Amino acid sequence: MRLSAFGVTAVAALCVAGSARANLFETFGAGARAQGLGGAVGALVDDFSATYHNPAGLALGPPRVGFGLHGSYDRTSILLMERPAGYDPPGYDARRAPRGDTDGAGVSGGINLGFSLRPFEVDFALGALVRVPFEGFANIDTAFADEREQYFDNQLRFGLLSERLRSEMITFGLGYRWHYGDEGWLAMGVGMVVLPAVRTVNDVYTPNAADPSVVDANFRIEQTIEQGIVAGLIIQPLSWLRVSASFQDEVFQSVDATNQVLLGGAEDEPVLQDLQVAQHYTPPRVAGSLAVVTDTWRVALEGTWLGWSRYLDAHAETPDPAFEDTLNWRLGFEWIMSDDTSARAGVGWIPTPVPAQTGRSNHVDTDRLLIAVGGGRRFEMWEEQFSIDAALQVHALRETTTHKDRLEAYPDCAPGVRALCDETPDRADDSGGLPASATRGLQTGNPGFPGFTAGGYVLLAGVDVSWLF
Amino acid sequence: MPVSSRAGLAALVAGLGLVATGCSIDRQMGRFPAQEAADGAVDAPTMDPEPDQGPPPDLTDPAGHWMLFVEDRNCLVDAGDPIESLIWSWYRVELVPSADGRASLTLRSRICKQELSPLAFGFLSLVPDATTDSGEEQETAGFLVGESSGALFLSDTIVDYWGVQGLSFEDMVPASADDERVVDQDGDGNPGVTFPVVTTSGLEICEVYVAQRIRAGLEGRVRNARRIDGDALTGTDKAVLAASTGLCASGDVVPNMAGNTFSLVRIDGVDGSPDADLDGDGTIACAEIREELPALMAAYGLERSEPDSDRWCPP
């Protein structure tokens, strides 16, 4: 018997993508100075990294062109608990990849290129910052966070870390400073985070549905962009006090693919396949910062609200249970050791937005403690002013163990089911193609079953060199 | 940089290192106990899987209840390379020797269960028990030429019609649901008989409504008093009448005349055979065979072959 439906899924992966990713800057900060301050730079930023943190800061520093090298060392781990006997769904032994632990992405790195200019007057500036990862541009790597993943890599992932550390980033913005009184000023700025997006419509013809390896296809691919607005202001009401506020809209890289599949023998009934990707979702962000500025030291306390409740996972699905909005706290300290040398340190607490994953889903994340050190120095070479900044940052993940909930009865897997679910509904007899005994109780290939432990750390090292003019 | 600054920086870096080295994690134990009667396992055989020692070599009295297991090879053909589809059928057979003591037999048979091998992506076409139960008992002639091991056994062709009636052996199976010979045999409101198509996990993809004729002629040799093995002259003539979605319409099936086999095994407790008469009423029903099928298969070492398209359905 040949079934034409056999060919339907043959083309599920035919979307083609080119893209950038967010958001390494959110994790560590944009640029070595921000990283050395633990990211608490909303009120202190004065270079092109302001295009991400707070565009108002573009107007505060001298114009410059900069180049940076930034590398991370991801040592996160997810250790899966051993599966107990008797829970395997039919065919579980034949999965393409065996269920396995997850190790961090290892070493990754990239370069930052940025500039800030003052083309018209002293207090008006514009700037841009681009991060290009060494691993290459236009990478997309998705995974399912429930039992569907058993048919793919069959692993869990840190959805808010790991691959995000290999991200591209493009930001640009404008800033203006307005002076009032003897010492007071107000700076404001707007900018944009830009991520490419892809729209594809693919026409696929499978002449023999019983042999889906043979596929004829035409592609229509359109490259577009997704953008998120960034805006902010910095007020210095007193010579020693700065207050800042900034906002960034949500942005994510998207792939929207539609496959229209025709199967040989059923040409009058095309099958439409909609495939959605929302990679590296960056939530809406509101940050407020208070900084004390003196001639010899600066300290800033920054609180950041992140609207994670709007999160979309890699397949553009809203997690169930949904993520929670979070409030991060970061404290940065900068010691002005001399006219040309400074040392920096920062700490931060980054609570996870991910609720306990005791049911069907496996979004893995933990609270993080951030510790950072760094320094900067200005120097003269070829009669020009340069600066060099360096930073080292570690994110220590709080070890978290998740046990899936044990229930009296498990619901059948279906859309909208939140609990750990039964992939093989119980049957009273053998008529379903399976022995009835093989359907009793819970059968699940969910890679997160029966539980897992997550933890580890991520290190970052960064160096920026800028020409000030 | 002053000495004190360097010392402070060194202390911070050392602190970072300490944080990092303290972040290794350990695997934890789960809280779920082992689960019984699952894991894709079938029921444990309730019969002795090893035939008792020293079965009588001669089949002196074939009268009684037997189970016929037929493996039917078919090729699915379309524009691409053909794919092998195996059909396994289990019949309840009562052998009735002729009264005059000659070699002729009567086979009263009824198909009890049928399964098909999975196809691409593990999709599986199911034959519900309701379909097999809606069939009628067939009576065909057979011949057992001798009693000893190696004696020849022959039967006329056992023919079952599903979803169609009034059809002769030579007639084409009607492909239209409007044909007056097509009947709703399983009474589900759809023409012919209904085959659900499911994934390996049991998720139903669609339904196919078919009319078909199943043929099985037997030509084998006595192995011992409770088993006859041989070649099956089989064929399944199938016509798709409709489907719940057009995509599930079936393609062409070409019966493969080579490699089809049968085993006729005794299941009434005579001559040391397993006894599938669970209710002790002196007869064996299809429901009893289905319930004891894993045990019966194990008792006689009967196994289903794996599809081998390269060998049996070459391009």
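Side notes on the structure shown:
- The stretch A:363-377, residues that are away from every other protein chain (no Cβ under 14 Å) and not acidic (Asp, Glu): A:His363
- Selected residue (criterion: surrounded by the most Cβ atoms within 10 Å (Cβ to Cβ)) from residues of the stretch A:411-425 that are without any contact (Cβ under 8 Å) to a residue 24 or more places away in the chain and part of a loop (DSSP other than H, G, I, E, B): A:Pro425
- Residue within the stretch B:82-94 that is more than 12 Å from chain A (Cβ to nearest Cβ), at pLDDT below 90 and assigned to a strand (DSSP E or B) present: no
- The stretch B:116-142: number of residues that are farther than 21 Å from B:Ile214 by Cα and either more than 8 Å from chain A (Cβ to nearest Cβ) or surrounded by fewer than 16 Cβ atoms within 10 Å (Cβ to Cβ) (or both): 1
- Qualifying residue in the stretch B:182-189 (condition: of a type in the set (A, V, I, L, M), within 20 Å of B:Cys112 (Cβ to Cβ) and at pLDDT 90 or above): no
- For A:Val201, the test of being aliphatic (A, V, I, L, M), within 14 Å of chain B (Cβ to nearest Cβ) and in a strand (DSSP E or B) is failed.
- Test: residue in the stretch B:276-289 that is over 26 Å from B:Pro57 (Cα atoms) and crowded, with 20+ Cβ neighbours inside 10 Å: yes
- Selection of the stretch B:174-198 for residues being outside any strand (DSSP E or B), in contact (Cβ under 8 Å) with a residue 40 or more places away in the chain and surrounded by 17 or more Cβ atoms within 10 Å (Cβ to Cβ) yields B:Pro174, B:Ala177, B:Gln185, B:Asp186, B:Asn190, B:Pro191.
- Taking the numbered list (1) over 30 Å from A:His403 (Cα atoms); (2) within 14 Å of chain B (Cβ to nearest Cβ) in turn, A:Thr358 passes all entries but (1).
- Matching entry among B:Thr131, B:Thr157, B:Thr106, B:Thr140 (being of a type outside the set (A, V, I, L, M) and within 17 Å of B:Val240 (Cβ to Cβ)): B:Thr131
- Count of the stretch A:337-369 residues, restricted to those that are in contact with a Phe, Trp or Tyr (Cβ under 8 Å, 6 or more places away or on another chain) and in a loop (DSSP other than H, G, I, E, B), is 7.
- Within the set A:Glu334, A:Glu380, A:Glu408, the sole residue that is assigned to a strand (DSSP E or B) and more than 21 Å from A:Gln35 (Cβ to Cβ) turns out to be A:Glu380.
- Residues of the stretch B:101-143 classified as over 30 Å from A:Arg96 (Cα atoms), among the aliphatic types (A, V, I, L, M) and either touching a helix residue (DSSP H, G or I) at 6+ places or on another chain (Cβ under 7 Å) or assigned to a strand (DSSP E or B) (or both), total: 4
- Residues (farther than 30 Å from B:Pro118 by Cα, surrounded by fewer than 16 Cβ atoms within 10 Å (Cβ to Cβ) and touching a residue at least 60 places away in the same chain (Cβ under 8 Å)) located in the stretch A:217-235: A:Phe219, A:Ile221, A:Gln223
- The one condition in (1) more than 30 Å from A:Cys421 (Cβ to Cβ); (2) in a strand (DSSP E or B); (3) within 14 Å of chain A (Cβ to nearest Cβ); (4) of a type outside the set (A, V, I, L, M, F, W, C) that B:Tyr161 fails to fulfil: (3)
- Residue that is modelled with the highest pLDDT, among those in the stretch B:233-248 that are surrounded by 22 or more Cβ atoms within 10 Å (Cβ to Cβ) and not in a strand (DSSP E or B): B:Cys248
- Output for the stretch A:77-91, where each listed residue is closer than 21 Å to A:Pro425 by Cβ, facing another protein chain (nearest Cβ under 7 Å) and crowded, with 19+ Cβ neighbours inside 10 Å: A:Gly86, A:Tyr87, A:Asp88, A:Pro89, A:Pro90
- Residue count for the stretch A:91-123, restricted to those that are under 28 Å from the mean Cα position of the chain (by Cα) and of a type outside the set (Val, Ile, Thr): 18
- Put simply, of A:Thr282, A:Thr206 the only residue that is within 17 Å of the chain's Cα centre (by Cα) and either surrounded by 19 or more Cβ atoms within 10 Å (Cβ to Cβ) or modelled with pLDDT under 90 (or both) is A:Thr282.
- When A:Ala10, A:Ala34, A:Ala17 are checked against the criterion of being modelled with pLDDT under 70, in a helix (DSSP H, G or I) and in contact with a strand residue (DSSP E or B) (Cβ under 9 Å, 6 or more places away or on another chain), a single residue qualifies: A:Ala10.
Residue-by-condition table, conditions (1) of a type in the set (A, V, I, L, M, F, W, C); (2) under 17 Å from the mean Cα position of the chain (by Cα):
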site: A:Leu312; (1), (2): yes, yes
site: A:Pro321; (1), (2): no, no
site: A:Pro353; (1), (2): no, yes
site: A:Gly376; (1), (2): no, no
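- Number of residues in the stretch B:273-315 that are more than 14 Å from chain A (Cβ to nearest Cβ) and outside any loop (DSSP other than H, G, I, E, B) equals 4.
- The test for being over 16 Å from the mean Cα position of the chain (by Cα) and modelled with pLDDT under 95 holds for A:Arg199.
- Considering (1) free of Cβ contacts under 8 Å to residues at least 24 places away in the same chain; (2) touching an Asp or Glu at 6+ places or on another chain (Cβ under 8 Å); (3) aliphatic (A, V, I, L, M), the lone condition that A:Val214 does not fulfil carries the number (2).
The values are calculated or read from the model by the stated rules, or taken from the named source; none is laboratory data. This structure is a prediction, so every number in the text was calculated from the model and none was measured. No Cβ is skipped: glycine too gets one built from the backbone with ideal geometry, and neighbour counts run over all protein chains shown.
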